[in-house]
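K.L.:
Below is the structure I would like to discuss, written out as structure tokens.
Throughout, read-outs are computed from the coordinates displayed, never taken from laboratory work. Here the structure is a predicted model, which means the values were calculated and not measured. FYI the Cβ positions are ideal-geometry reconstructions off the backbone, even for glycines, and counts take in every protein chain you see.
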Amino acid sequence: MKEHLSSEELKKELDNMLSKINALEILAQDEFQKGTVKILRRLTEGHIHSINEFEHLKKALDLLTLQLFEVKNKQKS
């Protein structure tokens, strides 16, 4: 089974994929191919955005957990 990639590795891989999609756009000859390239680009950009948002959520959850422990420690004092 394949090991999970870190978010940085995944973003790098998706950025490389965007570069390849851009090259496909240059080679696209008809409207169907151009439309397919646009869809691929939007999906890839959306995936990158989702990874970034997930990282923000993890940071927010860490901060919230830290504050909960601070409140708990103040109550014990």
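K.L.:
Lys/Arg Cβ at +1, Asp/Glu Cβ at -1, dipole of the chain taken about the Cα centre: which of 73, 18, 32 is farthest positive-ward?
P.N.:
The residue sitting most towards the positive pole is 73.
K.L.:
Only Lys, Arg, Asp and Glu count, each charged at its Cβ (+1, +1, -1, -1), so figure out the dipole size of the chain about its Cα centre, rounded to 20 debye.
P.N.:
Using only the charged Cβ atoms, the result is roughly 380 debye.
K.L.:
Roughly what angle does helix 31-76 make with the longest principal axis of the chain, taking Cα atoms, 0 to 90 degrees, to the nearest 10?
P.N.:
The angle comes out at about 0 degrees.
K.L.:
What net charge is computed for the residues neighbouring residue 59, neighbours being all others with C-beta under 15 Å from the C-beta of residue 59, Lys and Arg scored +1, Asp and Glu -1? Could the numbers behind the result be given before it?
P.N.:
Working: positive: 58; negative: 8, 53, 55, 62.
Computed value for this residue: -3.
K.L.:
How much length is gained if the chain between residue 70 and residue 32 is pulled fully straight, taking 0.36 nm per residue apart and subtracting their Cα-Cα distance, in nm to one decimal? The partial results should precede the final answer.
P.N.:
On the way: separation 38, 0.36 × 38 = 13.68 nm, distance 5.71 nm.
The span from residue 70 to residue 32 would gain 8.0 nm if fully extended.
K.L.:
If you count, for each residue, the other Cβ atoms within 10 Å and average over each peptide, how do 14-21, 30-37, 69-76 line up from highest to lowest? Write out the running numbers ahead of the final one.
P.N.:
Details: 14-21: 13.6, 30-37: 11.9, 69-76: 8.6.
So the peptides 14-21, 30-37, 69-76, ranked by packing, come out 14-21, 30-37, 69-76.
K.L.:
Could you work out how far helix 7-27 tilts from the main Cα principal axis of the chain, as a 0 to 90 degree angle to the nearest 10?
P.N.:
Tilt relative to the chain: about 20 degrees.
K.L.:
Here's something else I'd like to know. On the principal axes of its Cα set, how long, how wide and how thick is the chain? Give whole Å, largest value first.
P.N.:
71, 27, 18
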